[in-house]
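Down below is the structure, laid out as structure tokens.
Values quoted throughout were computed directly from the atomic coordinates according to the rules given, and no laboratory measurement underlies them. Keep in mind that this is a model prediction, so the values were computed, not measured. Note: ideal-geometry Cβ built from the backbone for every residue, glycine included; neighbour counts use all protein chains shown.
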Amino acid sequence: MSLKLEAGWYKNAIIYQVHVRSFVDANGDGIGDFAGLAQRLDYVQELGVNAIWLMPFFPSPLRDDGYDIADYYSVHPSYGTLEDFKSFLSIAHDRGIRVIIEMVLNHTSDQHPWFQESRSSQDNPKRDWYVWSETDSKYRGTRIIFLDTEMSNWAWDPISKSHFWHRFFSHQPDLNYDNPAVREEMWKVMKFWLELGVDGFRLDAVPYLIEREGTNCENLPETHAIIRDLRKRVDQEFPGAMLLAEANQWPADLRPYFGDGDEFHMAFHFPLMPRMFMGLRLEDRKPITEILQQTPEIPPSCQWCLFLRNHDELTLEMVTDIERDYMYDIYAGDKAMRLNLGIRRRLAPLLDNDRRRIELMNGMLMSLPGTPIIYYGDEIGMGDNIYLGDRNGVRTPMQWSGGWNGGFSNADPERLYSPPILNPVYGYQAVNVLSQKRTSHSLLSWMQHILGIRRSSPVFGSGSIEFLYPANHRILAYVRKLGKETILIVNNLSSAAQSVELDLRRYKGNILIEMFGRNIFPRIGDLPYFLTMGPYQFYWFRLRQI
Amino acid sequence: MREIIVNELTQAFQEMAREIAHYLPRLIVMLIIVLIGWLIAYVLKLVARSLLRLTKFSKLSENAGATQLLHQAALPSSTELVSRFVFWVAWVGFVLLGVNVLGIAGLQEYISRFFLFLPRMFVALVILFFGLVAASFFSRAALLAAVNANYRSSRLLSTVVRVLIIVFAFSMVFEELGVAEQTMLIAFATVFGAAMLGLAIAFGLGGQDLARKFLEKRLVQHNKEEREDELSPL
Amino acid sequence: MAEETLLSDDFLRQLINVGEVDIVVGLATHNNAKTIEPVLGAIQSGALKCFPRERVAIINADGGSQDGTTELVAKASIDDLWRESKVYALRTLHSISVPYARTPDPSKALQTILAAADLLRAKACVLISPESTTIEPDWLQRLVRPVYHDNFDLVCPIYTRQKFEGALVRDLLYPATRSIYGYRIREPYGSEFAISGRLVTDFLGRGIGNEDWGKMGPEISITIMAVTAKYRVCQSFLGTKAPSPRGAHDVVSVMRRTAGALFSSLDSNFPVWSVISGSENVPTFGTATEVEPEGARINRRRLLEMFSTGVAQLEPVLRSILSSSSLSELQRIAALGINEFDYPAELWAKTIFEFVASYHKSIINRDHIIQALIPLYRGRSLTFLTENRNGSAQNLQHREESLCADFERLKPYLLEVWADRK
């Protein structure tokens, strides 16, 4: 039932991010479930991905889309039972698809029995499982993350008449990792799921585990010590299991989370994503090359996780003020599109539903160094609904067909957990899996094609990268290399045709083979290699010495 | 005796009559030639004038500074001058042709010489014209340059330039005409030498001033309180 | 087409790399290594500060520099390898250099820059003098904004100057241009100005840069073309103008490039300017800054001497240019002492107009006419200095205005002498 855990599998993975609730509803209650997800694994496999990342599916009051967990050892009843999960896991593994689940270490829901006990009295044994204080003036140097909803990182608890610490919503009290009992309990939780067979965890909100006075309470050494300990235990008992860090930080601040290869296996590259969008709009590669130059080397066993869009807003925390203003003006003209410090939109609407731009962005995602993540629905160009609150606009039901509820559920439309997208451009009548499967030029077919090419070579996942700096700044060109295999990637970020001269003298004598059509391009000589490129066009060339 | 006189007279008259009878047709022919020549010359003049007007010769000579020169010499305009020149050359040619018809020995040789001389004279005139134009242009250029560079004796300089160029032009003219070549060479050498001497003296005199200023600047500078700003035009 | 011959293959390759831009900043250089660095710095920070989102390119047309000017220009590029922790740039900023000739030729330099701006489809093209050491980052915005945001086609600068600076502009170019062409453009010959993309295209298309007057004074020819073709012109206050280290010593060439070009432009534009009377204001942006007055240390005696020697020595030349009454007036004032000396505004205006007419008729060689004007200009400057020796800024403005009024009043006189077939 379990796939063989080979070390480093994550480096050549392509991850598909799914919310159980949004994917498909098998029991007709209007909410997606594991039974449905298991049925549609065929689709996931055909798409060409080899890993699934599930968003939280634990019992929860669902005030933060499941990130407020009320029981770590079970499945939310709306999504099915633990048995359903197990059977889903086994089908996924049978199809060669690995499963990564969400693990929220930093906090629980205020409905979690631990917190209920902790708040019940000052001398409860679980009192110091959470961070309590008589005043709300401790840790003043800590920023507030959810600026739009929270005033303070402290919340008043009327029951125990004191303040508790929360970095996120006030209904999400932070666990106290200075308490060994908490650490042991959380390891027990992880062990539980690893024993069931999951292949890895995405650890949510890791920089915030420990608080210390006089610091900003992020990325503290004590936090790193806890992670190292967890990693050691994972490596000992479940070798091959993967830990993925969610830490929205600058690359240099993120680097410590890889340690010497003894902390996380993977981490999200948050600052790159907005810069890809920015480079595209500026028609200038500078933001992209700049951030990648600032990205430090990571240990060979580690890997960056790249994404274009995910279940959260397109975060603009890791950009300068000038860049943020620019991004807001360009990508979120309507104020309703903005949330916290970000833009809550899906890929296709962000790119004006321009097929060429969608392809270019996916092309870069697949060819830059790292493991790509595809957010469910973006492979068919789904739209969003900015009039749903919070980030729910990008979490609408998956659009399977043009029929009843877009093929998501047989329930009455009114019963769905969220209204599906209905508008004539992005609605399920226009954008759905079924219709896209029927044509070979659909976005879905194209995605299958490019994923196939990506899987054809380990260079994309594990190769080195070297940027070429052609004088034409609208062209982003780089060479990926692994062993004897060399791949040249040339992207035109401009909406107009461009010509570019590439200095490829180092590869003199090689011929270029374009990887999509497998056509041969002229041999590289002493002169600059001259290419003309259509609007938003990109080339992947395999270099061959014949 | 009387008879002889009468006889001689009659004979002389007869001879004269014969001579006149002999010459009269030629004379008439000559007169006709001269008259027709005048007419042709006049037409040529008109043609030349309108041709010059058409080609805007006056503008050309204006630009070369010739108009101004002629104006100064109280001569008619350049177009008028050239067309008159055409008229006279043509008419004189016809007159000489007519005289030639008379068949007066000796004269014929001179006439043919005149026609041989004509092209040289034309060239000489052109040289003279351009020489004068150049003299006027360069002397003015020198004058302006000198004034704007704040030289004291600009007029002298300009005159020297003018004289030099005119002398040079005349020497060329005379050489072209082949008149008194030796004399002209000597005259030219004398004038040139004199001009050089004049220049040398002028430079010496001017240089004295310059040298004084230079030394003043070098030696007395620190005593000078007022620094000078140049007037900045832009 | 002009630009075909202006663009070498190498320059074209550089332009391909620059691609379409919003703003072109043009620099015409020749051995400017000493002063160009602060200028480039100001352009760069001006672009980053005021136009962070716009695509800006610096294009330098170089007339055979030997002192490393072009290398300094190339160094001002901001690309992916650019490291400057203090400044953040959103975009790539190309700074490219092209040698258009081995010897400087202002007209060709300008044409090269404009041809590049045209090819790159720049919405605004701003010219900056590499000698403007007093430049502030703000200048870029002041020059470009009216073109970029307010749809103007030409932005002329207004500088703050010392009294003894810009004498030619104040006494001749401004009043003459204003009275003849009817626009109150304070600096028709600015070393900094901005023009719109459509004016660039039109200017190149008309080939004015290839005509005599366009070659003579490329900068003033743009101003004149803009006003005669009814483009939208405005002015913008910049700041202190750095006195050109070269101009002061070469009055003759300055006179040719300014007054020469102005006079020369009148022939072909006669139908336009002959019907204009009076003058109209052009919109002006920004506010004037006061300048700390420095004592003018001009040797007035020397000016007078240059004037009176000029009048005396040039008598035969002036006689052919001026009317006899003007000439005798000039001879009269040339004889005055330094304290009584006065070259009245009206006489000055008449002098200029008679020069204009003689120039038109090519009474003598045109260049000689321009040169003959220099001693007279010195005399007029002397009067201006004397009049404003202790006057306030307001006083000075008043006098300038009254000089212009005299020029405007005497415009019929210009038309009269222009038509008079002497």
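Each of B:Arg155, A:Arg275, A:Arg63 has some number of other Cβ atoms within 10 Å of its Cβ, and from fewest to most they run A:Arg63, B:Arg155, A:Arg275. What's the angle, to the nearest 10 degrees (0 to 90), between helix C:300-313's Cα axis and the longest principal axis of chain C? Here the helix axis deviates by roughly 70 degrees. If I fit a long axis through the Cα atoms of helix C:138-148 and take the longest principal axis of the Cα atoms of chain C, what angle between them do I get, 0 to 90°, rounded to 10? In chain C, helix C:138-148 runs at an angle near 90 degrees to the longest axis. Using only the Cα atoms of region C:372-411, build the gyration tensor, take square roots of its eigenvalues as a ≥ b ≥ c, and label the shape rounded, prolate or oblate: rounded if a/c is under 1.5, else prolate if a/b is larger than b/c, else oblate. In terms of gyration-tensor shape, oblate.
For the pair A:Lys138 and C:Val291, label points projected 7 Å from Cα toward Cβ lie 6.7 nm apart.
Exposed loop positions in chain C were taken to be GluC sites (Glu not before Pro) whose DSSP state is not H, G, I, E or B and which have at most 12 other beta-carbon atoms within 10 angstrom. Between these positions, the longest stretch is C:85-289. Placing a label point 7 Å from the Cα of C:Ile338 along the Cα-to-Cβ direction, the residues of region C:300-320 with a backbone N closer than 13 Å are C:300-306. Over all Cα atoms in the protein assembly as shown, the spread is summed up by Rg and Dmax: 46.4, 192 Å. Among C:Asn269, B:Gly37, B:Thr55, whose Cα projects farthest towards the positive end of the dipole of the protein assembly as shown, with charges put on the beta-carbon of Lys, Arg (+1) and Asp, Glu (-1)? It is B:Gly37.
Couplings for region A:232-246, taken from phi via the Karplus curve 6.51 cos²θ - 1.76 cosθ + 1.60 with θ = phi - 60°, read 4, 5, 4, 4, 5, 9, 9, x, x, 5, 10, 10, 10, 8, 9 Hz in order; Gly and Pro are left as x.
The C-alpha radius of gyration of chain A, expressed as a fraction of 2.2 N^0.38 Å, stands at 0.98. Scaled against 2.2 N^0.38 Å for its residue count N, the alpha carbon radius of gyration of region A:38-197 is 1.20. Scalar couplings 3J(HN,Hα) for region B:46-54, obtained by applying the Karplus form with A = 6.51, B = -1.76, C = 1.60 to θ = phi - 60°, are 4, 4, 4, 4, 5, 5, 5, 5, 4 Hz; x denotes Gly and Pro.
What the Kirkwood sum gives for chain C is a hydrodynamic radius of 22.3 Å, with every pair of different alpha carbons counted. If R0 is 51 Å, the Cβ-Cβ spacing of A:Asp42 and A:Ser495 corresponds to a FRET efficiency of close to 0.85.
Across chain A, the relative contact order, built from alpha-carbon pairs under 8 Å that are at least six residues apart, equals 12 percent. Of the residues A:Asn392, A:Gly407, A:Ala348, the one whose Cα sits farthest towards the positive end of the charge dipole of region A:312-435 is A:Gly407 (charges of +1 on Lys and Arg Cβ, -1 on Asp and Glu Cβ, taken about the Cα centre). Per-residue 3J(HN,Hα) values for region C:325-334, derived from phi via the Karplus relation 6.51 cos²θ - 1.76 cosθ + 1.60 with θ = phi - 60°, read 5, 5, 4, 5, 4, 4, 5, 5, 6, 5 Hz in sequence order (x marks Gly and Pro).
Between the DSSP loop rule and a limit of at most 13 other Cβ atoms within 10 Å, which GluC sites (Glu not before Pro) in region A:100-167 are left? Mind dumping the intermediate values first?
Values: sites: A:Glu102, A:Glu117, A:Glu134, A:Glu150; in loops: A:Glu134, A:Glu150.
Answer by residue number: A:Glu134.
List, in the order given, every pair from A:Lys286/C:Lys49; B:Lys56/C:Lys361; A:Lys86/A:Lys126; A:Lys286/C:Lys75 whose Cα-Cα distance in the structure shown is over 23 Å. Each step should come with its number before you reach the end.
Details: A:Lys286/C:Lys49 18 Å; B:Lys56/C:Lys361 14 Å; A:Lys86/A:Lys126 31 Å; A:Lys286/C:Lys75 17 Å.
Violating the 23 Å limit, Cα to Cα: A:Lys86/A:Lys126.
Note on region C:300-419: percent of Cα-Cα distances in each 5 Å bin, starting at 0 and stopping at the bin with the largest distance, equals 2, 12, 21, 22, 20, 14, 7, 2, 0.
Looking at region A:442-546, I'd like the Rg to Rh ratio, where Rg is from alpha-carbon atoms and Rh is Kirkwood's inverse mean 1/r. Each step should come with its number before you reach the end.
Working: Rg = 13.6 Å, Rh = 14.3 Å.
Ratio value, two decimals: 0.95.
Loop-only check: which GluC sites (Glu not before Pro) in region A:205-285 are DSSP coil with at most 12 other Cβ within 10 angstrom? Passing sites in region A:205-285 are A:Glu213.
Label-to-label distance, C:Asp10 versus B:Ile36, with points set 7 angstrom from Cα along the beta-carbon direction: 7.3 nm.
Counting only alpha carbon atoms, the long axis of helix C:345-361 and the longest principal axis of chain C meet at about 70°. Here the label points at B:Arg84 and B:Tyr23, each 7 Å from Cα along the C-beta direction, are separated by 3.4 nm in the simple model.
Could you tell me the center-to-center distance, by alpha carbons, between region A:432-475 and region C:386-422 in angstrom? Computed from Cα coordinates, the inter-centre distance equals 73 Å.
List the trypsin sites (Lys or Arg not before Pro) within region A:130-206 that DSSP assigns to loop and that have no more than 11 neighbouring Cβ atoms inside 10 Å.
Numbers: sites: A:Lys138, A:Arg140, A:Arg143, A:Lys161, A:Arg167, A:Arg183, A:Lys188, A:Lys191, A:Arg202; in loops: A:Lys138, A:Arg140, A:Arg143, A:Lys161, A:Arg167.
Counting only loop positions with at most 11 other Cβ atoms within 10 Å, the trypsin sites (Lys or Arg not before Pro) in region A:130-206 are A:Arg140, A:Arg143, A:Lys161.
Counting only DSSP H runs of at least 4 residues, each contributing -39500 (n - 2.57), and dividing by the residue count of the protein assembly as shown, the helix-based mean residue ellipticity at 222 nm comes to -14500 deg cm²/dmol.
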